[in-house]
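The values are calculated or read from the model by the stated rules, or taken from the named source; none is laboratory data. Small disclaimer: the values here were computed from a predicted structure and weren't measured. Neighbour counts run over all protein chains shown; Cβ positions are idealised from the backbone, glycine included. We work out accessible area using only protein heavy atoms, side chains counted, and drop any ligands, DNA or RNA first. Shrake-Rupley method; radii C 1.70, N 1.55, O 1.52, S 1.80 Å.
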Amino acid sequence: MNNRSSLLGSVLLLCAALLWSTAGICVKLLPWNSFFIASARGLICTLLLFVLRFVHGGGRFVPVRLSRHNVMAGTAMFLTSTLFMLANKLTTAANAIVLQYIAPVLVLLYTMVVEKKRPSPLEVGLTLTVCAGCVLAFSDELQGGGTLGNFLALLSGVTFAGLILINRMEKTIPEDGQIIGCCLSFVCCLPFAFL
């Protein structure tokens with residue numbers, strides 16, 4: 001990998017982190033309902049991912065593989081995204097973000113209990129640091145927010161953990177799962193977008 005590619009990768013990663021970290025606030029500020037935002041986001045992401053896939057494929061269309069694992073990944077992504085959007089409108093953005101970050105803890109527990117793998121000290125440390133950081137950052141605001149919104153935020157953390165675990169499976173192609181998830185968001189949320 002040359003220096004230009006490495007720099008571009010770093011810049012894109014920084015942009016992704018910025019967008020990821022401001023998503024909750026942006027959703028809260030938008031005047032539309034959660035389903036409209038989820039549907040519009042799904043459409044924009046689907047189109048963008050197909051364009052990137054076409055460019056990355058050297059100008060040829062690479063079909064999406066609808067395998068069981070890819071559909072499971074797409075479904076988990078759709079649920080995570082939609083639940084997060086709903087939670088954002090029903091509780092504080094801080095609560096939605098903090099409660100969703102139960103995901104790394106669930107992944108760590110699954111790895112230890114189900115897969116019988118002992119996590120490295122680094123994995124344990126990073127998981128605890130992420131969770132503690134989120135809780136500390138928003139500790140003043142964790143008191144407020146609606147019960148339903150908080151519950152949906154927790155559910156989005158569970159489905160997020162599922163997405164991480166499914167994407168780790170050998171037969172899953174995360175890029176295909178992502179496109180399937182975005183398509184599901186667009187199609188499934190559209191009927192409720194104008195309620």
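Amide H to amide H distances under 5 Å link ALA193 with no residue, where only residues 5 or more positions off or on other chains count and H is placed in the peptide plane.
The length gained on full extension between ARG118 and ALA17, counted as 0.36 nm times the residue separation minus their Cα-Cα distance, comes to 33.5 nm. When you filter the chymotrypsin sites (Phe, Trp or Tyr not before Pro) in segment 164-195 for DSSP loop state and at most 14 other Cβ atoms inside 10 Å of their Cβ, you are left with PHE194.
Ignoring ligands, DNA and RNA, please state the percent of accessible area on the chain from carbon and sulfur, probe 1.4 Å.
74 percent
Per residue, the accessible area of the chain comes to 62 Å² when a 1.4 Å probe rolls over the protein heavy atoms.
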